[in-house]
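Here is the structure we will look at, set down as structure tokens.
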Amino acid sequence: MFESNSLNPCIANSSFSATLFDVVFTPDNGTLAVNINGVSQISGNVTLEVQVIGYGLTVYQKTINPCDESDLKGLCPMNTGDINFPTNVQVPQSAIDQVPNAIYYIPDLDGQIKVWINGTDGTALACVEADLSNGKTVYQKGVAWTIAVIAGLGLAISAIVSGLGHSNTAAHVASNALALFGYFQAQAFIGMTAIAMPPIVRSWTQNFQWSMGIIRVGFLQTLATWYQRSTGGTPSTYLSQLATTSVEIAKRSVEGLNYLMRRSNSNSADDTSKTVVVMGIERVGFVAGIEISNIFLTGYIFLLIFILFVTIGVVAFKFICEGLAKAGKLSPDKFRDFRNGWRTVLKGILYRIVSDP
């Protein structure tokens, strides 16, 4: 299937905007389910110029007169004011056959549909655009968990090998493990940059955001929201208002000038269209299911949690070694350096954690 849930203006002073946009196309039965709540400043007969764009190239273009289409009679003529447009449109099989089957399976499809609303004299009255998705993505929680386990195992193995007296081997394993973790963070940094990028790049870098503490846990989000309110702050509510707010995730096909215009409008208190464009760190948090105002506190909390668990782990390992040594189940030579200087080891670990850029 194809779906889209964000409709945004693509020209300045567009005469049409949407507060709710939800469109799903199911090729099995040829049904296009449309649910639009918008505000129109256009009155009179219009024509619609439809463009389908894939990876920056126009792959389909058609001009439609709503008065000639039975499914679009509600737009003939267009009237000013609020527009509620829930409908189901039957797409001809001939049109469905023109869509390559591979399009339904390509992950993070870079597709877009753009509609120009023109007057009968050809004057552009409004322009809206919507991103298309087929539901396939390279952002998978299984991938994130796998690479997190790999990074953790590398550090744990280096610590065990060091305790067994193979300091040279442990140093090599530790340096490689830290380099790998640094690579994971570098991938996360790319996803956090406030630039437009292909959807597949955005989704791939999302797999590494755990390394920056961008991990959604329900009660932590509740805690972060409570903390902001109790200290006089105003938490964002984008995730809880998706039914009435159109949120666009910035990507490559968003033109720079129009993008900046929409970003400026989205920050205005008087913005009646309730259209929000997220980019950079905001984009990362939104995709992870974290409210934008909770992103910093979420990352900071996970840093503290990591420090706490490392401290508990080092102390617990120290007492386990001592207990096994007293019981005669561990050779006195094993982990001798760690057992004698565990405080120094712990200080070194904590220093590296807090000083890691």
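Just a few scattered comments:
- Evaluated at q = 0.07, 0.09, 0.11 Å⁻¹: base-10 log I(q)/I(0), Debye formula over Cα of the chain: -0.44, -0.65, -0.85
- Phi to ³J(HN,Hα) by Karplus 6.51 cos²θ - 1.76 cosθ + 1.60 over the stretch 142-157, Hz, x for Gly, Pro: x, 5, 4, 5, 5, 5, 5, 5, 4, 5, x, 5, x, 5, 5, 5
- Here each label is just a point 7 Å from Cα along the line to Cβ, and for TYR351 and PHE309 those points are 2.5 nm apart.
- In degrees, nearest ten, helix 256-266 long axis to first principal axis of the chain (Cα): 80
- Using a simple spin-label model with pseudo-atoms 7 Å out from Cα toward Cβ, LYS326 and VAL91 lie 7.2 nm apart.
- Over the chain, DSSP H runs of length four or greater, each weighted -39,500 (n - 2.57), average out per residue to a 222 nm ellipticity of -13000 deg cm²/dmol.
- Remark: ASP68, ASP22 ranked as ASP68, ASP22, counting other beta-carbon atoms within 10 Å and listing the fewest first.
- Cα-Cα separations in the stretch 1-106 greater than 21 Å, expressed as whole percent: 40
- Stretched out straight at 0.36 nm per residue, the stretch from LEU242 to TYR227 would grow longer than its current Cα-Cα span by 3.1 nm.
- Taken along the Cα-to-beta-carbon direction at a fixed 7 Å, the label points for ASP68 and ILE160 span 7.3 nm.
- Using alpha carbons only: equivalent-ellipsoid semi-axes of the stretch 134-214, gyration tensor based, whole Å: 31, 13, 8
The numbers here are math on the coordinates, done by the rules we state, and not lab data. Bear in mind that the values here come from a model prediction, so they are computed numbers and not experimental data. Note that we place each Cβ from the backbone using ideal geometry, even for glycine, and neighbour counts take in every protein chain shown.
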